[in-house]
Each structure stands twice: as structure tokens, then as C-alpha cells.
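The structure under discussion appears below in the form of C-alpha cells.
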Amino acid sequence: MTDGETSPPRALEIHGTLHLESAAVDARLKKIEAKLEERNSKGVLTWILDVLKTLLPSIVLAILGFALKDTVDQALREREIQLAAVKEMETIVPDLQKTDLVRADALAKAAQLAAYGRYSVPFFVNILEVGNQNAAVGAEDGLRMVARSEPEVVCAALRTVIQNRTGLYRWQTHLSALEVLGQASCTKACRDVARFHEQVSSVDNYQKWVSSPPMPTEYDKVSKQSSDSLAQLNRVTPADCK
């Protein structure tokens, strides 16, 4: 072979044979068939349940997210309405706290305040405590007006008044609260009224409950009103008073 000449290509020789065991092929095919049969045997319902199990946590979280959002939004709107109502009521309340307030004006201002519904209840309770006699008459009338549409709010607030034994309220406030509780048919307060009537056993005992000691005649008014209110509530639903 001279210089510059190339060697002719050689053929690649492969020695041996490609041999597949028929038993191995059959085993693989049987495994595949078994998996397919297992999948088909589950059925559509089982498949759906498997999918739901996978998606359930996400679904629950989504529902909770929407529910919490609606609750928070509702609470914020309620708070905004309350603040707006309080701001408007602040222009009316001072008139009910005047020392020279006459009854006609007290009733008129109370009617204006009662138009704000549940938001006016704390103001009326405060007027019972700090206002003069005419203001208290207006506050009682206002509470009765609100109780016609939202009795639970009024009843709950006045129950708190008669439950108190720490001297937070005057005897006049107790007297007014007992009167409205009976007139508004606050049946949930029946046991509280009954307990009040039982425990207000003497003027000396009652003096420990109120901010200013009542005279014997004033104590008699409170005791009689508790008895009258209890009788009113018993006529409505006697079972609640037992």
C-alpha cells in the first residue's frame, strides 16, 4: 500500500442472537392487564370519590374564605352604620339631659332618638341614670318604642340593669327598668325579675345595691314594681318564671 492510499472500510460484525424469554413477556403483560382491570373495577363513583378526597381541603378552604370575608364585611358595615348613628344622636342627647327639660320636649326628643332603633338603647339607659324626672319619662317611652321592633335588645340591656348589685345604678333606674321589662313582655328576664323581688327583702338590704340610698317610701315603690312586673310576665309565659 503506497503513501496516500486509504484502507478500505471494514464491515462491522455482530456475533450473537437476540433472544426474549416468552415467560418474562407473559408476566409483564399480566401485570398490565391486572392494573387495567383494577382501575376499571373501581368504577366511576370510586374515581369521583378519589378526586373529591384530593380536592376537599381546597374546597373547604375556599368556602371558609368566602364565609369569613362576608362576615368581616358585614361587621365592618354594621360598625360604620353604628358610628354614623351615634354621631347623629349626639346632637339630640344633650337636650334630654337639660335640667330644665319639660315633659313635652322630653317625649319629643325621645321619639327622635328612638328612630335609631337598637343604637339608641344605651343612650336611653344613660338618660335614666343622669337625667331629671321628665328625661326619665322620655327615656322610658323611648325604650318602649324601640322594644316594639327590637325587643331583645331592650330586654337584654334592662336585664343587665336589674342584675347589678354593685351600686352602679340609682334606685330610679331600677324602677324604670323593672317597669319597661314588664310592659315589653321580656319573658327571658322573668327569672331575673323574680330573683330581684326575692332578694330586695328590706330597705337596708336594698341600699347596698344602689348608688344613692332610697327612702323607705322609695324602696316600697321598687319592691311593688318588681312584684307587678313579675305578675305581668307570669301572665305572658308562666313557665319562663319557674
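The values are calculated or read from the model by the stated rules, or taken from the named source; none is laboratory data. As the structure is a prediction and not an experimental result, all values here were calculated from the model. Every residue, glycine as well, gets a Cβ built from its backbone with ideal geometry; the counts of neighbours run over all protein chains shown. Just the protein is used for accessible areas: all its heavy atoms, side chains included, with ligands, DNA and RNA removed. Shrake-Rupley method; radii C 1.70, N 1.55, O 1.52, S 1.80 Å.
Observations, loosely collected:
- The single condition among (1) more than 18 Å from GLU140 (Cβ to Cβ); (2) at pLDDT 95 or above; (3) among the aliphatic types (A, V, I, L, M) that ALA231 does not meet is (2).
- Candidates SER212, SER185, SER201: the one that is surrounded by fewer than 18 Cβ atoms within 10 Å (Cβ to Cβ), on the phi > 0 side of the Ramachandran plot and part of a loop (DSSP other than H, G, I, E, B) is SER185.
- Residue match in segment 143-155 (condition: of a type in the set (Gly, Ala, Ser) and either open to solvent by 20 Å² or more (accessible area, probe 1.4 Å) or in a helix (DSSP H, G or I) (or both)): yes
- Any hit, segment 164-186, residues being of a type in the set (Ser, Thr, Tyr), under 26 Å from VAL146 (Cβ atoms), modelled with pLDDT under 95 and under 27 Å from the mean Cα position of the chain (by Cα): yes
- Which numbered condition VAL102 fails, given (1) modelled with pLDDT of 85 or more; (2) within 22 Å of VAL154 (Cα to Cα): (2)
- Pair list, Cβ < 6 Å and 6+ apart or interchain, from segment 215-234 residues that are closer than 16 Å to ARG159 by Cα to residues that are surrounded by 13 or more Cβ atoms within 10 Å (Cβ to Cβ) and among the aromatic types (Phe, Trp, Tyr): VAL222/TRP171; SER226/PHE196
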